[in-house]
Amino acid sequence: MNNTIKLAVASALLAAASSASAAGGIVAGDWTLDVGGIVNMYATRTSYSGDDAAAAGPLGLGTGAQTTTTNIITGLLPNYLTVGGKTRQNDLDVSFLISIQPGSATRTSLSAGTTGENRQQFLQFGDASWGSIKLGKDLGVYASDAILNDMTLLGVGSGAGSLHGTTTLGGIGAGYIYADWKNQVAYTSPNFNGFSFTAALTQAWNQQNLLSLLPAGASSTAAKSPAFEAKVSYAFAGDVSGKVWASGISQKNDSITNAVAGHAAVNATTGATTAVAAVANTVADSSNTTTAWDIGANVNAAGFGLTGYYGDGKGIGQTLQFNGGLDANGLKRDSKQYYVQGTYSLPGVGTKLGVSYGESKLDGNAADTTWGSIKDSMWVGGVYHPVTKHLNLVAEYAESERKVADGASVADTSAKAKAKTVSLGAILFF
């Protein structure tokens, strides 16, 4: 059985967490089949402080009136089961991969947990001489290396207190935007002495407002064209090893309709509310193009690892792609993200110590009168210890902070809140 993790996230797994046996996969006719996956679980305790810190409203870090919450949940990686196969036919390497991710988070009796996910279903064909073509659903191209180099990929990071979905957030939204899982047609070049590139057409996505903090804004209906994503990278090995990369995304937003619903604008400092009437009309700027780019590097030598990342976007939004990217007038909001991360592997035992800090900022426009900008930041300290070549114990401390600046026409709305999370658990790869 091949124990190499057949996941798009495999390149991010720490060396102690990824392994392969000498035996091959299961031979079935012309095919060699592999089964792999992840099982993980963490006990977490999150405490909130600051303005409206525990509420699900303006600062959106908590789940309600609780100031402290304890959960037993999966981490940034969900539990994972993959089935893949490969063969060589007509001078082509042909392969497929299908995965499922069962949900586990719940606070309700007689509940099996949250709805599961199906993150990957794709086929791939090609040859080492000219590259490969992928068709199906897989990790997006833009910002993929940001999450693949995040040390909290083996842990929890932020988002443990809200208990939603099948995973926590790790460093998503506090240093980088989520690459997400997208239907795509992608070409990846051969490896030219460490250099390679990928270009893809991905399913166009509508603008949304998925974070409770974000004010209602414009939404893009049924974009006519797919998004275009691309990445270039250079990997090097030796006493000093690592990777340098840059990626980008572009999508034209068509038929932008103002989607502001009637709601109450809450002053995060005083708690006072102001009624905002519903608006439904096509805005003047009926089309525009969302763009974003990033650059990053990871370098390793003598047990030390250093990662640096920076991203910049117009209309891409915050935390999730196309989340709050446009204001109520259909104009693009600017956003920026960065994180730095350092790790050290203890000689002889393989235990990895790590610390990271990241920020994500979404700027407001003139239409955003009740707030000026949103900044999420987080620093994390983690210990990742390989008990066996497949099993890792994990301990993390993460401190997240959200700041909301004053809006253009509303005074005294500046506010900030913190969420502090301690996580202890384990992650198993097979």
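With the simple spin-label model, which puts each label point 7 Å out from Cα in the Cβ direction, the Lys336 to Phe430 separation comes to 4.7 nm. Fully extending the segment from Tyr344 to Asn193 would add 51.6 nm, taking 0.36 nm per residue of separation and subtracting the current Cα-Cα distance. Computed from backbone phi with θ = phi - 60° and the Karplus coefficients 6.51, -1.76 and 1.60, the 3J(HN,Hα) list for region 314-321 is 10, x, 7, x, 10, 6, 10, 4 Hz; x is used for glycine and proline. Extension gain, Ser129-Asp254: 0.36 nm per intervening residue step, less the Cα-Cα distance, totals 41.1 nm. From most to least packed by mean Cβ count within 10 Å, the peptides 182-190, 143-151 give 143-151, 182-190. For the listed residue pairs Lys243/Lys314; Lys361/Lys416; Lys336/Lys416; Lys134/Lys352, the alpha carbons are over 23 angstrom apart in Lys243/Lys314; Lys134/Lys352. Remark: the His390-Ala405 segment gains 0.9 nm on full extension, using 0.36 nm per residue and subtracting the alpha carbon distance. Partner aspartates and glutamates whose Cα lies under 13 Å from the Cα of Lys252, excluding those fewer than 8 positions away in the same chain, are identified as Glu229, Asp285. Taking 17 Å as the straight-line reach from the Cα of Lys420, the lysines in range (excluding those fewer than 8 positions away in the same chain) are Lys375, Lys403.
Taking other Cβ atoms within 10 Å as a rough exposure proxy, Met378, Met41 sort from fewest to most as Met41, Met378.
Computed from the Cβ-Cβ distance with R0 of 60 Å, the FRET efficiency linking Trp31 to Ser414 stands at 0.50.
A short reminder: the numbers here are calculations on the coordinates, not readings from a lab. Quantities reported herein were computed from a predicted structural model and do not represent experimental measurements. Cβ coordinates were reconstructed from backbone atoms using ideal geometry, including for glycine residues, and neighbour counts include every protein chain displayed.
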